[in-house]
Every structure is written in structure tokens, then in C-alpha cells.
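For reference, the structure discussed in these notes is given below.
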Amino acid sequence: MKPKILEPKKKIAPSILSADFGRLGEEVKAAEDAGADYIHVDIMDGHFVPNITAGPQTVETLRRSTPLPLDVHLMIQNPDRFLVDFINAGADILTVHVEAVVHLHRTLMEIKERGALAGVSLNPATSLCVLEPALEYADLVLVMTVNPGFGGQEFIPSMLPKIEELRRTIDQRGWKLELEVDGGIKVENIGQVAKAGADVFVSGSGIFKTDDYAKTIAEMRRQIQRNTKSSPPRTPRARR
Ligand code: DX5
Ligand code: ZN
């Protein structure tokens, strides 16, 4: 059975990149029990980023381990070749990089037609204006706050104004999409990211390298709440 996308709220998406891969099922269950909203799955091909991780088979295994939405972040060149494989494997949200696709609108539409939510991501050095025309068709936009490729890197603070600008644009245009932020997010800085306007917070080492996932996620939620205006986050369209 396919999981439902959760109700509108600020969401925490632990990235399994920093989990113990030898006990992946247990780690995902532990993140779920600790209060995760999505499970963030980083797919790397050794070309788009200087690292290799997993493929559709791992997503299929994760699909059997948890009812939580699988938020699959494709850091691969020419992702069009693999969209169907990842959706069939159980991806609920499939995010491609604007730097890796040639016809972004076509790619987003294909993801949606195949029954997943369509996300688009941009690297720290990429300007917001390159993806703005496509955002009307996206369900999620993922702002990278590290150069993708590895867990455990330092958050790049100059990305905060970019998140703020994107938040303003989304609200002004009335687009129904989630603003997700990924890279270097921890208890210590998640409040700043919340203040800048994020809806979904990806955290790998900030959760999986701590001793008590539940305590860490609860503290993250406190920081988010303390730094968030009262207006509710926008939520993506429901799965068809
Ligand atoms: C980076 C990945 C991130 C990464 C985050 O290329 O896209 O999802 O796992 O890990 P932390 O939170 O440790 O920076
Ligand atoms: Zn990621």
C-alpha cells in the first residue's frame, strides 16, 4: 500500500546517508519512531556528484521498511532515464537537479504523470531565476545548503537570503509547493532555516550522528516552532 503524504506542517526528513547502512531497516524504523515525517534518500551516480550511493533496489527495500513518504533526491546526470524505475520502486517524492536536466518542465510533468510528487533542486551556486519558470509545475523545491555529494558538511550561511527570497516568491505567487532545505542542518542552526521560511528540513548527520534520535528531533521541532511565524506552511497537491 502506498503511504499518504502527511498533513500540512513543518516536516523533518532524516537523510539516511548518515545512517548505519548495515542496519538500514532498523535505522529507518528508529527515525520513524523518533518522529520523522519523510525519509530522505540520497541517490548519487559518481558523475553529477563525486560519490556513489544507492539505486532503485535500495528504494524498494526502504519501501518495505516504512510507511513514511520516501523523499528521493536524485543527484544523478540525465535523471530522465531512471524516473520510472525510482517511482516503481516506491518513491513518493522524486526530486531532480535543475543542473542535470535539459527540459525541466517535461521532466516534472513526467514524474507527476507517473504518480509521484515532483521536486526540483538547485546547487548553492545556481541562481533561483533558472528554475522560477518551472516552479508553477513543481510540488517541492529543494534548496541545497552544501555542495551535494557528502553528508556531514558545513551549512553555507549565505544560502539563507536565497531561502528567504524563494519563500517570498512562493507566497506572492500563491504556488502550492513545499520549500525543502538540505545540507548541514543541525539543532544549532535549524531555527535560522525555519526563520528563512523552510517547510521541510533534511538532516543527515544532525540526526543519525546523535545518540538519541527522538530527543534530537524533538529539540529540532522546538527550534522550528520558536522561529516560525504563525501562518501554516503550504502543502503540495495530494497524490493522484
Ligand atoms: C548531500 C545530501 C544531503 C546529506 C545531508 O549531498 O543531499 O541530503 O545527506 O547530510 P547532512 O545533514 O549531514 O549535511
Ligand atoms: Zn539530499
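Any read-out appearing in this document is the output of simple, stated calculations on the displayed coordinates, not a laboratory observation. As the structure is a computational prediction, the values presented were derived from the model and not from experiment. Cβ: placed from backbone, ideal geometry, glycine included. Neighbour counts: every protein chain shown.
When Rg and the Kirkwood radius Rh are both evaluated on Cα atoms of the chain, their ratio Rg/Rh stands at 0.92. Estimated from helical segments only, the mean residue ellipticity of the chain at 222 nm is -9500 deg cm²/dmol, where each DSSP H run of four or more residues counts as -39500 (n - 2.57).
In this structure, the pairs whose alpha-carbon distance is over 24 Å, taken from K29/K112; K112/K209; K9/K195, are K29/K112; K112/K209. GNM, the chain, Cα, under 10 Å: largest mean-square fluctuation among I76, I217, I52? Checking each option, the largest mean-square fluctuation is seen for I52. Please give me the summed charge of the neighbours of H47: other residues whose Cβ is under 14 Å from its Cβ, Lys and Arg +1, Asp and Glu -1. That works out to -1.
Our estimate of slack between F21 and H103, defined as 0.36 nm per intervening residue step minus the Cα-Cα distance, is 26.1 nm.
Per residue, the average separation of C-alpha pairs within less than 8 Å and at least 6 apart gives the stretch 123-185 a relative contact order of 46 percent.
Less than 5 angstrom separates the built amide H of S203 from those of A13, S15, all sequence-distant by 5 or more or on a different chain.
Of V187, V202, V72, which is the most mobile in a GNM of the chain whose springs link Cα atoms less than 10 angstrom apart? Among V187, V202, V72, the largest GNM mean-square fluctuation belongs to V187. Its Cα centre serving as origin, the chain has a Cβ charge dipole (Lys and Arg +1, Asp and Glu -1) of approximately 780 debye. Largest GNM mean-square fluctuation across D139, D45, D71, computed for the chain with C-alpha springs under 10 Å, falls on D45.
For the stretch 39-116, the Stokes-Einstein estimate of translational diffusion at 37 °C and a viscosity of 0.692 mPa s comes to 264 µm²/s, using the Kirkwood hydrodynamic radius over alpha-carbon pairs. 3J(HN,Hα) along the stretch 177-183, derived from phi through the Karplus expression 6.51 cos²θ - 1.76 cosθ + 1.60 where θ = phi - 60°, amounts to 9, 8, 9, 9, 10, 9, x Hz, with x in place of Gly and Pro.
In order along the stretch 191-204, phi translates into HN-Hα couplings of x, 5, 5, 5, 4, 6, x, 5, 9, 10, 10, 8, 8, x Hz, rounded to whole numbers, per the Karplus curve 6.51 cos²θ - 1.76 cosθ + 1.60 with θ = phi - 60° and x for Gly and Pro.
Listed values for the stretch 72-85 are Karplus-derived 3J(HN,Hα) couplings in whole Hz (6.51 cos²θ - 1.76 cosθ + 1.60, θ = phi - 60°), namely 9, 9, 8, 9, 9, 6, 6, x, 3, 4, 10, 4, 5, 4, and x replaces Gly and Pro.
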